[in-house]
Amino acid sequence: MTDAATTAGAGPKDALLAAEDVKMHFPLRGGLLRTVKGHVLAVDGVTLRLRRGETLAVVGESGCGKSTLARVLLRLLEPTGGKVFFMGNDLTTQKLRVVREERKHLQMVFQDPMSSLDPRMTVKNIVAEPLVVHQEPEDRPLGIALLALLTFFHGLCAVSAGLGLFLWAALSEYLVTVPSGLEGIAALFLLGYGLLEVAGSTGLWQLHTWAWWLLLVQYAGALALWFFLGDLILVGASAVLLVYLLAVRKQFASGQDTTNRVLELLELVGLKKEHLNRFPHEFSGGQRQRINIARALALNPDVIILDEPTSALDVSVQAQILNLLTNLQKKLGLTYLFITHDLSVVYHIADRVAVMYAGKIVELGRTEEIFAQPLHPYTKALISAAPVADPSVKVERIVLEGEVPSPIRPPPGCRFHPRCWLAFDACSKTEPRLFDAGGGRLVACFATARDLGMEEIGGPEISAKQKDRRG
Ligand SMILES: Nc1ncnc2c1ncn2[C@@H]1O[C@H](COP(=O)(O)OP(=O)(O)O)[C@@H](O)[C@H]1O
Ligand code: SF4
Ligand SMILES: [Mg+2]
């Protein structure tokens with residue numbers, strides 16, 4: 001790939017998100033010893049720059065490596081080669097702990113809204129999950145942390161006492177053969193009480209509001225019990241904890257904050273307060289994708305990678321979700337990497353389009369230019385199948401023959417040559433590199449280079465004409 005991929009003029013560290021010659025080759029194992037028999041070249045040398053505030057669409061047939069590229073960009077997959085930069089930091093060399101921190105600003109929305117939502121979680125918990133996971137330890141007030149530890153040990157003591165009593169009752173029954181139901185009941189009570197307290201303390205540690213209510217009821221119950229039993233020391237201890245719990249009520253604002261933030265996010269994506277405690281199966285496909293978008297927005301990200309976010313939806317719902325994404329982008333200043341197999345979807349949403357074929361980018365440019373004048377034969381075929389730019393313009397339909405190439409053994413030279421009607425000798429021998437066709441347009445095609453007078457064939461260096469064009 002030539003440095004023409006950097007037409008933005010800036011290096012990868014200057015882009016918001018950048019892929020630099022990224023490769024993802026999955027090993028293919030077989031035989032008894034599961035030895036590596038070959039590789040799936042899912043992504044094979046992709047260079048991209050995502051600029052702040054733009055929508056860059058990555059378009060290509062199913063299986064051309066779009067989702068794999070997205071996963072590598074998020075470092076959900078370790079790339080075989082190349083680098084990924086996010087806000088100037090090389091994500092490929094960072095520790096996973098640091099990458100997880102970076103992912104606060106880099107979120108993803110997946111294609112199938114249902115399978116990316118846990119069916120056992122309510123909308124509130126789904127949307128709040130990133131907030132809870134990324135909660136900093138210093139967000140937890142010291143008083144609450146101390147109370148959580150105290151409650152945890154208190155619960156642990158009650159569980160141990162319950163178990164001890166249970167064992168003692170069982171043993172004494174066995175040895176002395178005196179039935180003693182009272183110890184059994186007391187042991188069960190202590191066990192239940194202790195376990196509830198342990199659960200409450202972990203909830204307290206994570207600042208869940210339910211933990212506050214659980215402990216409030218528990219300490220109030222304990223206070224009443226010790227009062228009737230006449231145990232002054234325990235009455236005093238429970239009363240102190242109860243008063244303390246009421247005193248730190250305000251510090252539980254972060255639990256309340258989470259709920260408020262979830263409500264705010266639901267409103268942003270067009271859902272309502274009454275949806276808060278419902279489960280994913282109670283929603284339509286479009287609403288589920290709205291929940292996914294709300295979750296992706298929870299941590300105020302800079303970039304959202306949208307992997308075919310509307311492919312599983314009806315056409316009318318697709319339009320609603322695309323409108324929502326456009327409005328959110330304007331409102332929140334988001335940057336999108338929009339992955340799709342459907343070129344007609346990108347026309348209204350993308351500023352630039354990168355066309356991918358068999359693990360490589362074959363053309364990249366501004367959306368209106370790509371639609372008005374596609375340069376690569378593969379892009380021409382895609383556009384001819386989705387003439388959305390101007391319905392009055394008659395576009396000759398190009399029907400691609402042949403199969404999508406195997407990512408295990410891609411054709412030599414230009415990967416598109418077995419299906420290309422313009423192919424000539426050099427195409428099956430040498431791999432075309434992306435060249436700069438001017439105005440930020442990159443194309444990897446010998447015929448296009450020849451037609452534009454760029455003599456790109458086989459040359460390792462950018463031709464003099466290209467250099468002139470770029471100034
Ligand atoms: N974990 C994996 N192991 C082996 N091959 C994979 C794996 N993930 C994806 N692939 C292969 O990589 C190629 C690209 O897949 P993918 O990125 O999902 O394509 P797209 O999203 O464009 O449809 C496909 O041939 C797919 O079978
Ligand atoms: S390089 Fe050759 S085979 Fe590839 S798209 Fe261009 S003309 Fe077709
Ligand atoms: Mg995919």
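For the reader, a short list of remarks on this structure follows.
- With the largest listed first and rounded to whole Å, the semi-axes of the equivalent ellipsoid of the stretch 205-354 from the Cα gyration tensor are 49, 15, 10.
- By average C-beta atoms within 10 angstrom, highest first, the peptides 43-49, 185-191: 43-49, 185-191
- Only helices enter the 222 nm calculation for the chain: every DSSP H run of n ≥ 4 contributes -39,500 (n - 2.57), and dividing by all residues gives -13500 deg cm²/dmol, rounded to 500.
- In this simple spin-label model, placing a label point 7 Å from the Cα along the Cα-to-Cβ direction at both LEU146 and HIS105 gives a separation of 3.7 nm.
- Isotropically averaged projected area of the stretch 19-144, using the convex hull of Cα atoms (one quarter of hull area), nm²: 12.1
- Cα-projected label distance for SER384 with ARG34, points at 7 Å along beta-carbon direction, nm: 4.6
- Estimated FRET transfer efficiency when R0 is 22 angstrom, pair THR209-CYS157 (beta carbons, to 0.05): 0.30
- With contacts taken as Cα pairs under 8 Å at a separation of at least 6 residues, the chain carries a relative contact order of 20 percent.
- Two-site FRET efficiency, HIS134 against HIS281, from Cβ-Cβ distance with R₀ of 25 Å, rounded to 0.05: 0.40
- When the convex hull of its Cα atoms is projected in every direction, mean area for the stretch 266-323 (nm²): 4.3
- Translational diffusion coefficient of the stretch 295-385 (Stokes-Einstein, Kirkwood radius from Cα pairs, 4 °C, 1.567 mPa s): 91 µm²/s.
- Scanning the chain for long hydrophobic helices, with DSSP H runs required to stretch 24 angstrom or more by C-alpha along their axis and to average at least 1.6 on the Kyte-Doolittle scale, returns 142-176.
- Relative contact order for the stretch 42-111, counting Cα pairs under 8 Å that sit 6 or more residues apart, in percent: 21
- Relative contact order of the stretch 205-308: 23 percent, from C-alpha pairs under 8 Å at least 6 residues apart in sequence.
- Compactness of the chain - radius of gyration and Dmax, Cα, Å: 30.3, 104
- Principal axis analysis of the Cα atoms in the stretch 73-113 yields extents of 31, 22, 17 Å, listed in decreasing size.
- Set the Cα radius of gyration of the stretch 205-289 against 2.2 N^0.38 Å, with N its number of residues, and you get 1.61.
- Positive-end extreme of charge dipole, the chain - chosen from ALA70, ALA381, LEU245 (charges on Cβ): ALA381
- Entries in LYS124/LYS331; LYS13/LYS429; LYS66/LYS429 that, when Cα-Cα distance is taken, lie over 29 Å: LYS13/LYS429
- Each listed q (0.12, 0.13, 0.18, 0.24 Å⁻¹) maps to a log10 I(q)/I(0) for the stretch 188-250, found by the Debye formula over equal Cα scatterers with no solvent: -0.29, -0.34, -0.64, -1.04.
- Remark: the LEU171-ARG97 segment gains 21.7 nm on full extension, using 0.36 nm per residue and subtracting the alpha carbon distance.
- On full extension, the segment bounded by ILE398 and VAL240 gains 48.9 nm, given 0.36 nm per residue less the C-alpha separation.
- Amide H partners (placed H, <5 Å) of ALA57, local residues excluded: PHE338, ASP351, ARG352, VAL353, ALA354
- Using a Förster distance of 56 Å, the FRET efficiency for LEU216-SER344 (Cβ separation, nearest 0.05): 0.50
Values in this text are rule-based calculations from the coordinates and carry no lab data. Just so it is clear, the model here is predicted, and its values are computed rather than measured. Positions of Cβ are generated from backbone atoms using ideal geometry, with glycine treated the same way; all protein chains shown enter the neighbour counts.
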